[in-house]
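The values are calculated or read from the model by the stated rules, or taken from the named source; none is laboratory data. Just so it is clear, the model here is predicted, and its values are computed rather than measured. Here the Cβ is made from the backbone with ideal geometry for all residues, glycine too, and neighbour counts use every protein chain on show. Note: accessible area is taken over every heavy atom of the protein model, side chains too, but ligands, DNA and RNA are not part of it. Shrake-Rupley method; radii C 1.70, N 1.55, O 1.52, S 1.80 Å.
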Amino acid sequence: MPTPRELLEHWDREHVWHPFTPMEEYAAEQPLIIKCADGCFLYDLDGNAYIDGVSSLWCNVHGHRVAELDGALTDQVDRIAHSTLLGISSVPAIELARRLVEVAPRGITRVFYSDDGATAVEVALKIAFQFWRQCPRPQPRKTRFLSLTEAYHGDTLGDVSVGDIGRFHALFKPLLFPTLRAPGPYCYRCPLGLERPACQIACAGELEKLVREHADELAAVVIEPRVQAAAGMITAPPGYLRRVREVTRAHNVLLIADEVAVGFGRTGRLFACEHEDVVPDFLCLAKGLTGGYLPLAATLTTDRVYSAFLGKAEEGRTFFHGHTYSGNPLGCAVALASLEKLTTGGVLNAVPQRAEVLKKSLDRIATLPIVGDVRQEGLIAGIELVRDRSTREAFPPSWRIGARVCRAARAQGVLLRPLRDIIVVMPPLTIELPLLERIGEVLYNGIRELGNELG
Ligand SMILES: Cc1ncc(COP(=O)(O)O)c(C=O)c1O
């Protein structure tokens, strides 16, 4: 008789197709199956504890099983789990929209719900496209988008079109629309071959040039404010974002800020745009919106954009886009509770102190011979491992260095997931300081040992 655990492992291998996972390799190993969680710890079937070092894929804000969020969820379940937003409304969807507008950068007034980061951005792309066809002075030639090298905005085909991560996106090229691409602010491997600060953020200058040259055909620029996350936690130099806002505004091009990864306190401000006083035309939110509890997303925009969609139904200005679970009441109720805790419960204010503790660990890790670059913004960190520090030569991908470091960390009770050979640290914002230090210690030891092993 197989044990319950053996059965689960067997069924997982037989039936579950895991996202972003090489399944043959996965099936050859014993799967980690999470059974429950508490605070910043996840527990597997045997009761082993793991610190949730990447916030269950960058979405958990307050830890797991948070009393206020659990309460909001059960209260809402007692009323209704789901009703549609197509043509009718719901109490939590209204209340959350009101609250989001209150905390969003000034001038953002409208909330369009969907269910994931990918749909939040896809919605922004489609609204931007449609806007130029029906705004007061239509400019139907404005159909193109500009994004950055190494961009990641999700996995639907519109998002993949504006994305630029070769190993994820190249295969789908025949299905994609062409996008203008500006060099991203990847200072460690500058696409322009320059060094900071002498470069004077020349990559922003390149973007400005492209926007100027293509303004009459550009619907929008899409950007991940301050940190290009899936690219490898690439932190943009301060001032970069503001320059993008200035040039898009000057040339009448919309700005889509994809804060799916950086929103909700990650960078130390509620929204990353706040660091540079930027008000985008679209603010795309997901992941941390519900504190990491439920799939819910929102694309926020301005009255200027929204009013272009008004008119009698027969005028054909309606935005024909929606999802069955758009604005799901359970998600909205939990999001409200999460936002409340984040903004009034001191969570946001405590981010700088935690970021400082993380920085201390990162400074120590940065001294290790196979560490090429360490990047941090608030409670987001990327540690780039290299074969040769002086030439910045990367390890051969087949060595799976990032995966090896994370496997070693897992054996020490820290759950991480790399981006190639970039180790990501992105714990819940409420992580206790000793746990944060523990992540640093485990990583330091793991990277040092691997470096010694490689000689
Ligand atoms: C910046 C950014 N945009 C969009 C997405 C897509 O979000 P989701 O996985 O919820 O579709 C991600 C996911 O990591 C992201 O980092």
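About its Cα centre, the dipole of the chain is roughly 1200 debye, where the only charges are +1 on Lys and Arg Cβ and -1 on Asp and Glu Cβ. With a 1.4 Å probe rolled over the protein heavy atoms of all chains, the accessible area of R110, R266 falls in the order R110, R266, largest first.
The overall shape of the chain, judged from the alpha-carbon gyration tensor, is oblate: a/c is not under 1.5, and a/b is no greater than b/c.
PRE reach from S307 (point 7 Å along Cα→Cβ): which of region 105-139 fall under 20 Å by backbone N? Those under the cut-off are 105-112, 127-139. Estimated from helices alone, the mean residue ellipticity of the chain at 222 nm is -11500 deg cm²/dmol (sum of -39500 (n - 2.57) over DSSP H runs with n ≥ 4, per residue).
Note on H214: accessible area approximately 40 square angstrom, rounded to 10, probe 1.4 Å, nucleic acids and ligands left out. In 10 Å bins starting at 0, how do the alpha-carbon pair distances of region 294-349 split up by percent? It works out to 19, 31, 31, 16, 3, in whole percents. With all protein chains in place and a 1.4 Å probe, the accessible surface of the chain carries 54 percent carbon and sulfur. Measuring nothing but how far apart in sequence close Cα pairs (under 8 Å, 6+ apart) lie, relative to its length, the chain scores a relative contact order of 20 percent.
Leaving ligands, DNA and RNA out of it, rank F20, F129 by accessible area with a 1.4 Å probe, largest first.
The most accessible residue leads, giving F20, F129.
The overall shape of region 148-235, judged from the alpha-carbon gyration tensor, is oblate: a/c is not under 1.5, and a/b is no greater than b/c. Comparing Cα centroids, region 392-455 and region 242-258 end up 36 angstrom apart. Distance between the modelled labels on A28 and H214, one decimal in nanometres: 4.1 nm (7 Å Cα→Cβ projection). Measuring only protein heavy atoms, the 1.4 Å probe finds V405 accessible over about 0 Å². Between region 261-323 and region 139-190, the C-alpha centres lie 20 angstrom from each other. Note on D363 and L157: the model spin-label points, each 7 Å out from Cα along the C-beta direction, lie 5.1 nm apart.
Solvent-accessible area of L270, probe 1.4 Å, all protein chains present, reported in Å² to the nearest ten, please. About 10 Å², ignoring ligands and nucleic acids.
Accessible surface comparison of R106, R243, probe 1.4 Å, protein chains only, largest first: the order is R106, R243.
Rounded, prolate or oblate: which fits region 139-296, taking a ≥ b ≥ c as square roots of the Cα gyration tensor eigenvalues, rounded meaning a/c under 1.5, else prolate when a/b beats b/c? Rounded.
The charge dipole of region 311-455, taken about its Cα centre with unit charges on the Cβ of Lys, Arg, Asp and Glu (plus for the first two, minus for the last two), comes to roughly 240 debye.
Applying a threshold of 23 Å to the alpha-carbon distances of K126/K287; K173/K287; K142/K287; K35/K287 flags K173/K287; K142/K287 as lying beyond it. The residues of the chain present an accessible area of 45 Å² per residue when probed at 1.4 Å with all protein chains retained.
Size descriptors for region 69-200, from the alpha-carbon set: Rg then Dmax equal 19.7, 60 Å. The translational diffusion coefficient of region 403-446, from Stokes-Einstein at 20 °C and 1.002 mPa s with a Kirkwood hydrodynamic radius over alpha carbon pairs, comes to 202 µm²/s.
Could I have the simple spin-label model distance between E102 and R133, label points 7 Å from Cα toward Cβ, reported in nm to one decimal? For E102 paired with R133, the spin-label model returns 3.7 nm.
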